[in-house]
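Engineer: The structure's right below; bear with me while I get my questions together.
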Amino acid sequence: MNPADLIEISRDGIMTFFKVGMPVMVIGLLVGVIISLFQALTQIQEQTLVYVPKVVAIFGSLLLLLPFMADGMASYMARIASRISGVG
């Protein structure tokens, strides 16, 4: 295995990480911005107001996006397994 293969595997892993994790992080970010905007408009400065809607949104997005995430991780594992079997 040469350094180019290692770089390719690393790049594929990082891209898979972003493809699997980014939708949930973006949803959490959007919910946080919306709640912060609501707090700024109503002048409610409760620090714990952000947590419950953000947890509910992230949990719901995980339930909805779980098939997509599992497919992305399974295809990454299949690519890694094919590389391992190809070397031996």
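The values are calculated or read from the model by the stated rules, or taken from the named source; none is laboratory data. These numbers come from a predicted model, not from an experiment. So basically every Cβ, Gly included, is an ideal-geometry build from the backbone, and we count neighbours across all protein chains shown.
Engineer: From the list Ile14, Ile27, Ile9, exactly one residue is of a type outside the set (Gly, Ala, Ser), in contact with a helix residue (DSSP H, G or I) (Cβ under 6 Å, 6 or more places away or on another chain) and in a helix (DSSP H, G or I). Which is it?
Structural biologist: Ile27
Engineer: From the list Ile44, Ile84, which one is out of contact with any Cys (no Cβ under 6 Å at 6 or more places or on another chain) and in a helix (DSSP H, G or I)?
Structural biologist: Testing whether each residue is out of contact with any Cys (no Cβ under 6 Å at 6 or more places or on another chain) and in a helix (DSSP H, G or I) leaves just Ile84.
Engineer: Read through the list (1) modelled with pLDDT of 90 or more; (2) at positive phi, then give the number of the only condition that Gln43 fails.
Structural biologist: All conditions are met except number (1).
Engineer: Starting from residues that are within 21 Å of Lys19 (Cα to Cα) and among the charged types (D, E, K, R), keep the ones in region 32-82 and report whichever is surrounded by the fewest Cβ atoms within 10 Å (Cβ to Cβ).
Structural biologist: That would be Asp71.
Engineer: Conditions: (1) modelled with pLDDT under 90; (2) within 12 Å of the chain's Cα centre (by Cα); (3) of a type outside the set (S, T, N, Q). Leu49 meets all but one. Number of the miss?
Structural biologist: (2)
Engineer: Do we find that Ser85 is polar (S, T, N, Q) and within 22 Å of the chain's Cα centre (by Cα) in this structure?
Structural biologist: For Ser85, the condition - polar (S, T, N, Q) and within 22 Å of the chain's Cα centre (by Cα) - is not met.
Engineer: Which numbered condition trips up Gly13, out of (1) without any contact (Cβ under 8 Å) to a residue 60 or more places away in the chain; (2) surrounded by fewer than 14 Cβ atoms within 10 Å (Cβ to Cβ); (3) under 15 Å from the mean Cα position of the chain (by Cα)?
Structural biologist: Of everything listed in (1) without any contact (Cβ under 8 Å) to a residue 60 or more places away in the chain; (2) surrounded by fewer than 14 Cβ atoms within 10 Å (Cβ to Cβ); (3) under 15 Å from the mean Cα position of the chain (by Cα), Gly13 misses just condition (1).
Engineer: Sticking with this one: Only residues in region 66-88 that are in contact (Cβ under 8 Å) with a residue 60 or more places away in the chain and closer than 18 Å to Val24 by Cβ count as the first member; pair them with residues that are surrounded by 10 or more Cβ atoms within 10 Å (Cβ to Cβ) and charged (D, E, K, R), Cβ under 8 angstrom, at least 6 apart or cross-chain, and list the lot.
Structural biologist: Partner pairs satisfying both residue conditions: Tyr76/Asp12.
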